[in-house]
Structure formats: structure tokens, C-alpha cells
Amino acid sequence: MPDQTLDPGLVTAGLSRTVRSSRPFDVGLTITPLRRGGGDPCHHIDADGAHWHASRLPSGPVTYRLRQDGRDGAHARAWGPGAAEFLDRLDDMLCLEEDLTGFTPEHPKLVEAHRVVPGLRMLRTGLVLESLMPAILEQKVHTKSSFAAWRALVREFGTPAPGPAPAGLMLAPDAHTWRHIPSWKFHRANVGPQRAQTIVRAARVADSIERTAQLPPAEAARRLRSLPGIGVWTVAETAQRAFGDADALSVGDYHLAATVGWSLLGRPIDDAEMVDYLEPLRPHRYRAVRLLALSGQAHKPKFGPRTAITDHRHR
């Protein structure tokens, strides 16, 4: 469902660019990983299905609107000091001509998924902190809880997005702001001390973190994991959005291994078996599981009630 209906007059200004691919391309499937829940203050979907997002680029803040343009293209309009830089990087961000050499899945469900979802691309924003901070908030907690914490922190400590943005669209806090959020504010947002401390530590070395976008994914992942509190899962969730890493498998995800097992083997498996089973799909393991989910081929039986949501505010 769209977040809101926008006045068409809002989209008549700003810089614009249209990019195309040599094969089918789907804007929504590609850009959706940037959205942290339906109420994400940094991301809105309008009545036309266009995606609005606010980011902090090296050249400055930007608000951009991306919409589908035919079967193979995307039309972008951008506002703010970072608009020109964003449009210059658009092809790379959307991985329009990514190399699928070697991605030859054999399992019938993966073959079918690849056939019915031809427009998926990886995402390479190059903005590491933008993806790392919400990933830290999502560590070992319910998605509902982490999305609520993200909304609360961005709304309180972010800044309004530039340009004729949808009402309420916000830029996430910059590194300086993340670094100085009081511990009791994290607590009030239901963020436990460990995750709060990890965010502050990451913000202190933000410049070094952003430079990992220029490295090969494996080296970037190694450097990110050297930070206390940042492990394989958090790095994978970041790499999927910032690095365009088609192999960034979210090992340690609460549901992923079981979903892969039930979908492809008809039984549950653990992380170790999942990694072993998907090994032949390197360097496209993340692409494979994402295609599986998007095509409707993913399956996991429901067993009993969900675990309770931890409320750190009462601890």
C-alpha cells in the first residue's frame, strides 16, 4: 500500500535522469531493501508506486524519487546539495549491468524464481553508515521492535529532507549526532545498551566505515567485523545495500536457514548446513535467497506462537 497521495505539482522541479538496462529491470524490487518498515521516516512510496528516499551523500543531503520507466528503466528526480552526485551514481547504485555470469542454479525452485523475477538487481548505494545503523538496531530483536526504534530515533534526531519531499520524510542522523545521542534516549527507544554502544562506536569511526565502500566486498566485510559488536549478520545486511554484494548471505538470521531448508530440501536446517548447501551458488547466495522469497517459492511451516518482544525500557 502507498504511504500517502502526493500533489503531482511536487514532482515538477529538481534535477532528473532516466537510466536503462539491457534486460528487464524492476525499480521496486531493487530499492525496497532500503525501506525499514512501512513507517520508515527516510522512505516513502507514493500513490504512483514511486519510491522516495532521503540520504546523506559526500556532497550533501539529497531527496530522490525513483519510478519505473518501461520494462527496462528507471526515472529519477533529485533535490538538495547531493542531487547531482546522486544522479551521476545512479547506474552504479542500481547495478543495472551487473554480471550474472556463473549464476546457474540447478534446483527447480531457484530456476523458476530466476525466470519469474527477471527485474531484480542488487543495490550499491555506497553509503555504509546509512545501512549499518539500522542493521545494528535489528540485531537479535524482533523486526517490529527494531523498526519502531528506528522510527523513534530518526524522528527525534534526524533532519527534514530537502526539496518538495513527502510530509515527514527525514534524513537519518549524521555521524556526529549518532555519537552524541544520550544513553537514556536509546533506552526510551527500546534499544538495549549493547546495541546503543555499538552505534556510538561505529559513529566515532564513521569516516573509516564509509571508506570500506571503495574496497572489495570481502575486505570491506573483514574491516567492518573488526568493530566490536558488528558480526557476520550485521555486515551481510549492510553489504546487501551498500556494496551490491550478491553473495552477502545473512548467516545468523533467525528464520533464514529454516526457510532455505524447508523451501529447497523439505526440512529444517541450521546455519552451517545452509552455508554448505548454498556453497555452489557463490558468489550469488544472497541473490538466490532473495529470488526465492520474491518469487513466492520460499516456504517455512509455522510452529507455535512467536517469542515475546523484549522491552528494554522496563529493565
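Laid out as a table, the results:
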quantity	calculated
Förster-model FRET efficiency, 41 Å R0, residue 69 and residue 106, C-beta, rounded to 0.05	0.75
Hits among lysines - C-alpha to C-alpha of residue 109 under 17 Å, sequence gap 8 or more where chains match	300
The range 1-139: radius of gyration and largest Cα-Cα distance (Dmax), Å	15.8, 49
Proportion of all alpha-carbon pairs of the chain beyond 38 Å (%)	12 percent
Stokes-Einstein D in µm²/s, Kirkwood radius over Cα pairs - the range 190-258 at 10 °C with 1.306 mPa s viscosity	125 µm²/s
The range 132-274: C-alpha gyration tensor shape, a/c 1.5 cut-off, then a/b vs b/c	prolate
Residue 277 accessible area, 1.4 Å probe, all protein chains in place, Å² to nearest 10	80 Å²
Whole-angstrom Cα spans of the range 59-125 along principal axes, big to small	47, 23, 15
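The values are calculated or read from the model by the stated rules, or taken from the named source; none is laboratory data. Remember, predicted model here, so these are calculated numbers, not experimental data. When we count neighbours, we look across all protein chains shown, and the Cβ atoms used for this are built from the backbone with ideal geometry, even at glycine. What goes into the accessible areas is simple: the full protein's heavy atoms, side chains included, and nothing from ligands, DNA or RNA. Shrake-Rupley method; radii C 1.70, N 1.55, O 1.52, S 1.80 Å.
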